Amino acid sequence: MNPAHKLETVRHDWTIAEVEALLQTPMNDLLFRAQSVHRMFHDPNAVQVSTLLSIKTGACPEDCAYCPQSSRYDTGLEKERLMEVQAVIEKAKAAKAAGSDRFCMGAAWRSPREKDMPYVLAMVKGVKELGLETCMTLGMLDEQKADALAEAGLDYYNHNLDTSPEFYGNIITTRTYSDRLDTLSNVRNAGMKVCSGGILGMGETDKDRAGLLVQLANLPVHPDSVPINQLVKVAGTPLEKEDDLDPLDFVRTIAAARIMMPQSHVRLSAGREEMSEEMQAMCFFAGANSIFYGECLLTTPNPAANKDQALFRKLGINSEHKVTEAPKELDELLAQDKAGSELFYDASTSASQTH
């Protein structure tokens, strides 16, 4: 690839009007452009695979209107204590055997407490020893906690912006947009990679979707991973009766994210359980090249591993860690989880709508 062309493609000066126009481009032209950009920077038939595990579920003090883990809403979700370190390591082993190359750990916290940090750091070190990339989403981070996680070897930190600054107050009031941007800055400054995206289908406008993408693409460094979530409507949350999102609007946003952040992994995230194979295929063509993998996401369902592998085979897609079938050990673990309190969560419904 011509280095000069690469420099022309990677930008940090997008405007709202420019992105609105991009989202309104005729679909065939938009997909062609997105796929062309995708091929400049990525293998068109490779998808990065991650598994997401809830290491501490429920009782979050935040009021995010989409989240079943908020203590403010009655969603029937049982709160849980922080998982034991060895239990997390065992889940990571199963995830690796099933084809994941990155293991993401999420806790329903506003921010991690000092007394929890030694356990969290031990989880990072233990998962790293398995040869997996590590990712965590624990809420807001100050400089000290970000530095500690980086020193432990954490590769990625997820902290979504969720939506545009203008629409944000309709969804969350317990932390500000600046709080989120500060956490991303602390993560970058600590030397970790940023995973940050948003949620579509919360009642936002096209301009709000453009505003979210502008915020992400105009960061000093594009996020290494950009999860694009489709709202999973959970009974008991304020958004449970929100109108369904037009699937083509979702595909358009994936395509725009690919064009605007060409080097990033664009992750087809929460809500995937409700997407047809045809819609998922369109998203991959539009530039999505990362998924969550497994039975659940933090607290919402996701396509089973073998179902994903079957779709990959139909599309000729290869995960970076190739397996042809999820092992029986994973099925057994998932069955235990359904009967117990701990849950794997893959990004296809709503739990990957992480904070």
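The values are calculated or read from the model by the stated rules, or taken from the named source; none is laboratory data. Because the structure is predicted, anything quoted here is derived from the model rather than measured. Glycine also receives a Cβ, built like all others from the backbone with ideal geometry; neighbour counts cover every protein chain displayed.
Within segment 131-146, if we keep just the residues that are among the small types (Gly, Ala, Ser) and assigned to a loop (DSSP other than H, G, I, E, B), the residue that is surrounded by the most Cβ atoms within 10 Å (Cβ to Cβ) turns out to be Gly139.
For segment 147-156, a residue qualifies if it is of a type outside the set (A, V, I, L, M), outside any strand (DSSP E or B) and within 15 Å of Cys104 (Cβ to Cβ), and the qualifying residues are Gly153, Asp155. In this structure, Leu231 does not qualify as surrounded by fewer than 20 Cβ atoms within 10 Å (Cβ to Cβ), in contact (Cβ under 8 Å) with a residue 60 or more places away in the chain and out of contact with any His (no Cβ under 8 Å at 6 or more places or on another chain).
For segment 256-265, what are the residues that are under 16 Å from Val47 (Cα atoms) and either free of Cβ contacts under 8 Å to residues at least 24 places away in the same chain or in a loop (DSSP other than H, G, I, E, B) (or both)? Selection gives Pro262, Gln263, Ser264. Taken together, Met40, Met1, Met105 contain a single residue that is modelled with pLDDT of 75 or more, of a type outside the set (Val, Ile, Thr) and surrounded by fewer than 19 Cβ atoms within 10 Å (Cβ to Cβ), which is Met40.
I need a count of the residues in segment 121-159 that are of a type in the set (A, V, I, L, M), in contact (Cβ under 8 Å) with a residue 40 or more places away in the chain and more than 26 Å from Ile172 (Cβ to Cβ). Matching residues across segment 121-159 total 4.
One residue stands out among those in segment 83-102 that are small (Gly, Ala, Ser) and part of a loop (DSSP other than H, G, I, E, B): the one that is surrounded by the most Cβ atoms within 10 Å (Cβ to Cβ), which is Ser100.
To keep it simple, each residue is scored yes or no on (1) β-branched (Val, Ile, Thr); (2) modelled with pLDDT under 80; (3) crowded, with 22+ Cβ neighbours inside 10 Å; (4) assigned to a strand (DSSP E or B).
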{"residue": "Pro227", "(1), (2), (3), (4)": "no, no, yes, yes"}
{"residue": "Asp243", "(1), (2), (3), (4)": "no, no, no, no"}
{"residue": "Phe250", "(1), (2), (3), (4)": "no, no, yes, no"}
{"residue": "Ile254", "(1), (2), (3), (4)": "yes, no, yes, no"}
{"residue": "Arg267", "(1), (2), (3), (4)": "no, no, yes, yes"}
{"residue": "Ala281", "(1), (2), (3), (4)": "no, no, no, no"}
{"residue": "Asn289", "(1), (2), (3), (4)": "no, no, yes, yes"}
{"residue": "Thr299", "(1), (2), (3), (4)": "yes, yes, yes, no"}
{"residue": "Asn306", "(1), (2), (3), (4)": "no, yes, no, no"}
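Please go through segment 180-199 and pick out each residue that is part of a strand (DSSP E or B) and out of contact with any helix residue (DSSP H, G or I) (no Cβ under 6 Å at 6 or more places or on another chain). Steps first, answer last, please.
Within segment 180-199, the first condition is being part of a strand (DSSP E or B), and the residues that meet it are 193-195, 198-199.
Answer for segment 180-199, where residues must be part of a strand (DSSP E or B) and out of contact with any helix residue (DSSP H, G or I) (no Cβ under 6 Å at 6 or more places or on another chain): Lys193, Cys195, Ile199.
Taking the conditions (1) in contact with a strand residue (DSSP E or B) (Cβ under 8 Å, 6 or more places away or on another chain); (2) closer than 26 Å to Val10 by Cβ; (3) touching a residue at least 60 places away in the same chain (Cβ under 8 Å) in turn, Val226 satisfies each one other than (3).
Looking at segment 200-213, can you tell me whether even one residue there is of a type in the set (Ser, Thr, Tyr) and outside any loop (DSSP other than H, G, I, E, B)?
To start, the set of residues in segment 200-213 that are of a type in the set (Ser, Thr, Tyr) comprises 205.
When the remaining residues are screened for being outside any loop (DSSP other than H, G, I, E, B), the result is none.
No: zero hits.
Scanning segment 30-47 for residues that are in contact (Cβ under 8 Å) with a residue 12 or more places away in the chain and in a helix (DSSP H, G or I) yields Leu30, Leu31, Arg33, Ala34, Gln35, Val37, His38, Met40, Phe41. Scanning segment 9-21 for residues that are closer than 13 Å to Ile259 by Cβ and more than 23 Å from the chain's Cα centre (by Cα) yields a total of 3.
Condition first: without any contact (Cβ under 8 Å) to a residue 40 or more places away in the chain and either within 18 Å of the chain's Cα centre (by Cα) or crowded, with 23+ Cβ neighbours inside 10 Å (or both). Now tell me which residues in segment 194-214 satisfy that. Show your work before the answer.
Applying the first criterion (without any contact (Cβ under 8 Å) to a residue 40 or more places away in the chain) to segment 194-214 yields 194, 196, 198, 205.
The answer is Val194, Ser196, Gly198.
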